[in-house]
Each structure stands twice: as C-alpha cells, then as structure tokens.
1. Among the residues of segment 126-154, write down those that are part of a loop (DSSP other than H, G, I, E, B), more than 16 Å from the ligand (Cβ to nearest atom) and either more than 24 Å from residue 89 (Cβ to Cβ) or at pLDDT below 95 (or both).
2. Which one of 85, 48 is exposed (fewer than 15 other Cβ atoms within 10 Å of the Cβ), under 18 Å from the mean Cα position of the chain (by Cα) and either free of Cβ contacts under 8 Å to residues at least 60 places away in the same chain or in a strand (DSSP E or B) (or both)?
3. Just wondering, is there one or more residues in segment 108-119 that are over 22 Å from residue 17 (Cβ atoms), surrounded by fewer than 19 Cβ atoms within 10 Å (Cβ to Cβ), touching a strand residue (DSSP E or B) at 6+ places or on another chain (Cβ under 7 Å) and touching a residue at least 40 places away in the same chain (Cβ under 8 Å)?
4. Could you say which residue among 75, 177, 120 is assigned to a loop (DSSP other than H, G, I, E, B) and within 16 Å of the ligand (Cβ to nearest atom)?
5. Can we say residue 160 is without any contact (Cβ under 8 Å) to a residue 60 or more places away in the chain and either crowded, with 19+ Cβ neighbours inside 10 Å or touching a helix residue (DSSP H, G or I) at 6+ places or on another chain (Cβ under 7 Å) (or both)?
6. So residue 63 ticks every box in (1) in a helix (DSSP H, G or I); (2) under 17 Å from the mean Cα position of the chain (by Cα); (3) more than 16 Å from residue 136 (Cα to Cα) but one. Which box is left unticked?
7. Those residues that are over 25 Å from residue 3 (Cα atoms) and more than 14 Å from the ligand (Cβ to nearest atom), I need them from segment 97-117; list them, please.
Ligand SMILES: Cc1cc2nc3c(=O)[nH]c(=O)nc-3n(C[C@H](O)[C@H](O)[C@H](O)COP(=O)(O)O)c2cc1C
C-alpha cells in the first residue's frame, strides 16, 4: 500500500489534544495541501482562516456550545450537556475554509480543500477533527454578526463551509468503525 493510501486509511477524528501548538512548517504544508484541491473551473474561490488565538478559540467555543444547547436535535443537546464537553477538544488550531458565494461550487471546493488538509495532517502525525458547529452558527440568522463581534470575520462575499481542529493527539488514535458493506455497484 502506498503512503497516500496509508494516510487515507489512517486518518481518524481526534477528540483529545495535547496543549502544544503544531509546528509552523507543518501548518504551512497543511495549508498548501488544501490549496491544491480541485475546484470547479479552477476558480479556487476559497479563503483559509487559521485561528490559533486561545482567547478567540475559547470565546468561539462557548458560542458553539450554546448553539448545540439550543439545537433542534436532541442528540446534539445531550452531547453539549455532558460534563467537560469541549466543542474543540482543546485543540490549539482551528482552520475554517470559506468560499465566495457566487463561485460555481464553493461548498464542494471548500470541503475538498479541507479533506486534503485532514489527510496532509495525518501524514505529518498531526491529529484533526471536523467540527461543524462554527458553520452551523454562521448559518443562523444572527450568526455572522455574533462571530464578527468576537473578531471572527470572513472576506467580503465569503461563506464558511468547512471547519476542523488540528493538534497533537493526547490519546491513542481510535480504531475505524467497520465499513458498511454493499455500497458499491459496478456497471461494466
Ligand atoms: C460534515 C461533518 C461534520 C462533522 N461534525 C463533527 C463535529 O461537529 N464534531 C465532531 O467531533 N466530529 C464531527 N465530525 C466527525 C465525524 O463524527 C467522524 O468523521 C465520524 O464519526 C467517523 O470517524 P472518523 O473520522 O474517525 O473516521 C464531522 C464529520 C463530517 C464529515
């Protein structure tokens, strides 16, 4: 199995992090990998917002937790009520990919960039986890203003589509869930 496929199979969502920041050179490699994802018509309609400010991370985390608690989804409300629940799992870095809303496929372009970054991080021994709540919060009617009020803004015309935390795992990497069967149809 080659190294790329090994990284794809090895990537897991990490939900406990060491306090240390990720290496700056590794961060740049991760961001570079994100920017080599495919985009519709090669538009590259994205922007990468890297948040490493602990104060902003903790303020955003509180807003996201409130979002969970106010959610229509009971499972999300229950998760947020658990003792010690931390939306970002104390990871030191959060990356949000936004896309220009009038691009052809900004959501798909942003998600592909994020997946590239999750895989690049895995290959560098850095843990990651998609965290969707900043995207959900932004999509609420008061979301953009709430985020702006804590100092989180996106370029003009941009909407955040993908968010993930990055850092060094503080626990052994979990095992993958068994893969569902009968999910492939061949038409040859
Ligand atoms: C669109 C999307 C949203 C997700 N949101 C969250 C989230 O808010 N918090 C979280 O801990 N994991 C989140 N995840 C991670 C999934 O729970 C995880 O990928 C899944 O359980 C499979 O585990 P694995 O990533 O280790 O293979 C999200 C994943 C996706 C694709």
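The values are calculated or read from the model by the stated rules, or taken from the named source; none is laboratory data. On a predicted model such as this, the values are computed, not experimentally measured, just so you know. Glycine gets a Cβ as well: all are built from the backbone with ideal geometry, and neighbour counts include every protein chain shown.
1. From segment 126-154, those part of a loop (DSSP other than H, G, I, E, B) are 126, 131-132, 140-142, 150-154; that's our starting set.
Right, trim to more than 16 Å from the ligand (Cβ to nearest atom) and you get 141-142, 150-154.
Scanning segment 126-154 gives 141, 142, 153.
2. Numbers: 48 fails: exposed (fewer than 15 other Cβ atoms within 10 Å of the Cβ).
That would be 85, the only listed residue that is exposed (fewer than 15 other Cβ atoms within 10 Å of the Cβ), under 18 Å from the mean Cα position of the chain (by Cα) and either free of Cβ contacts under 8 Å to residues at least 60 places away in the same chain or in a strand (DSSP E or B) (or both).
3. yes
4. On the way: 75 fails: assigned to a loop (DSSP other than H, G, I, E, B); 120 fails: assigned to a loop (DSSP other than H, G, I, E, B).
Only one candidate passes the filter, namely 177.
5. Numbers: without any contact (Cβ under 8 Å) to a residue 60 or more places away in the chain: no; either crowded, with 19+ Cβ neighbours inside 10 Å or touching a helix residue (DSSP H, G or I) at 6+ places or on another chain (Cβ under 7 Å) (or both): yes.
So residue 160 fails the test.
6. With respect to (1) in a helix (DSSP H, G or I); (2) under 17 Å from the mean Cα position of the chain (by Cα); (3) more than 16 Å from residue 136 (Cα to Cα), residue 63 is out only on (3).
7. 98, 99, 100, 101, 102, 103, 104, 105, 106
Yes/no matrix, rows are residues, columns are (1) within 30 Å of residue 101 (Cβ to Cβ); (2) within 16 Å of the ligand (Cβ to nearest atom):
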position: 2; (1), (2): no, no
position: 12; (1), (2): no, yes
position: 19; (1), (2): no, no
position: 25; (1), (2): no, no
position: 29; (1), (2): yes, no
position: 32; (1), (2): yes, no
position: 42; (1), (2): yes, no
position: 48; (1), (2): yes, no
position: 54; (1), (2): no, no
